[in-house]
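This report concerns only the one structure given below.
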Amino acid sequence: MLEVLYAVVLVAAVLAGYVLMLRFRVVAASGSAAGDVCAIIPARNEQNSLPALLESLDRSTVPVRVLVIDDSLTMRRLIGLALSADKRIEVVGEACNPLQARHKIADLRPDVLTLDVEMPDESGLAFLRSLMAVRPMPVVMVSSGTHSGSAAAIEALSLGAVDCVGKPASADTAASFAMLPDIVVAAACAQVRP
């Protein structure tokens, strides 16, 4: 009986060491705090559903760093409030246009961006295209033009966006943005390629 207990303890210690090694390797490779969050999550397969993934992320103490990019001050604040209410997320900044966003990305090093499509000077889709060529990172499009199945949503996804969320059509932003924190946290674990 004692030998079985010893074997179980040994297996648990080896698994714990493997998880720590995996966590260190991901953080060292990514240089991102979100790497720490994603390292403890198993590869997605049939048994790993989105709720299970989000439950794993709930146990993490490292918040996902988010930069909100939208030309509307009101929408930046509404998105920021929806995200800040979730303990897994830290809104590190806001940008009102792509030029300001480029500087803030370099300075703040966010893990995830939320990005509007329609902005002055340069569209969000043009900015997304140039961003993915230079510094690929998880982007969640939040725009009135990116509702499910829209041409803008399909183009954004083809350019490398992780997901698209429509802006609220009415004053009920709480219901419209209810899933936004979960989407942003899941986006932090996306493998984005140029």
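Taking the conditions exactly as written (in a helix (DSSP H, G or I), closer than 23 Å to L159 by Cα and open to solvent by 70 Å² or more (accessible area, probe 1.4 Å)), does L81 satisfy them or not?
Numbers: in a helix (DSSP H, G or I): yes; closer than 23 Å to L159 by Cα: no; open to solvent by 70 Å² or more (accessible area, probe 1.4 Å): yes.
Criteria not met by L81.
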Which residues, taken from the stretch 125-160, are at pLDDT 90 or above, open to solvent by 10 Å² or more (accessible area, probe 1.4 Å) and not in a helix (DSSP H, G or I)?
R135, P136, P138, G160
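Report yes if some residue within the stretch 103-111 is among the acidic types (D, E), at pLDDT 95 or above, part of a loop (DSSP other than H, G, I, E, B) and closer than 22 Å to A156 by Cα; otherwise report no.
Within the stretch 103-111, the subset among the acidic types (D, E) is 107, 111.
Okay, now just the ones that are also at pLDDT 95 or above, so 107, 111.
Retained after the next criterion (residues that are part of a loop (DSSP other than H, G, I, E, B)): 111.
If we keep only those that are closer than 22 Å to A156 by Cα as well, we get 111.
Yes, some residue in the stretch 103-111 is among the acidic types (D, E), at pLDDT 95 or above, part of a loop (DSSP other than H, G, I, E, B) and closer than 22 Å to A156 by Cα.
Within the stretch 107-119, which residues are open to solvent by less than 70 Å² (accessible area, probe 1.4 Å) and over 19 Å from G160 (Cα atoms)? Steps first, please.
At the first step, the residues of the stretch 107-119 found to be open to solvent by less than 70 Å² (accessible area, probe 1.4 Å) are 108, 110-117, 119.
Correct list: L108 only.
Residues V91, V184: which one is among the β-branched types (V, I, T), in a strand (DSSP E or B) and either modelled with pLDDT of 95 or more or in contact with an Asp or Glu (Cβ under 9 Å, 6 or more places away or on another chain) (or both)?
Working: V184 fails: in a strand (DSSP E or B).
Every option except V91 fails the conditions.
The values are calculated or read from the model by the stated rules, or taken from the named source; none is laboratory data. Source: prediction; values computed, not measured. Don't worry about glycine lacking a Cβ; one is built from the backbone with ideal geometry, like all the others, and counts go over all protein chains shown. Please note that ligands, DNA and RNA were not included when accessible areas were found on the heavy atoms of the full protein model with its side chains. Shrake-Rupley method; radii C 1.70, N 1.55, O 1.52, S 1.80 Å.
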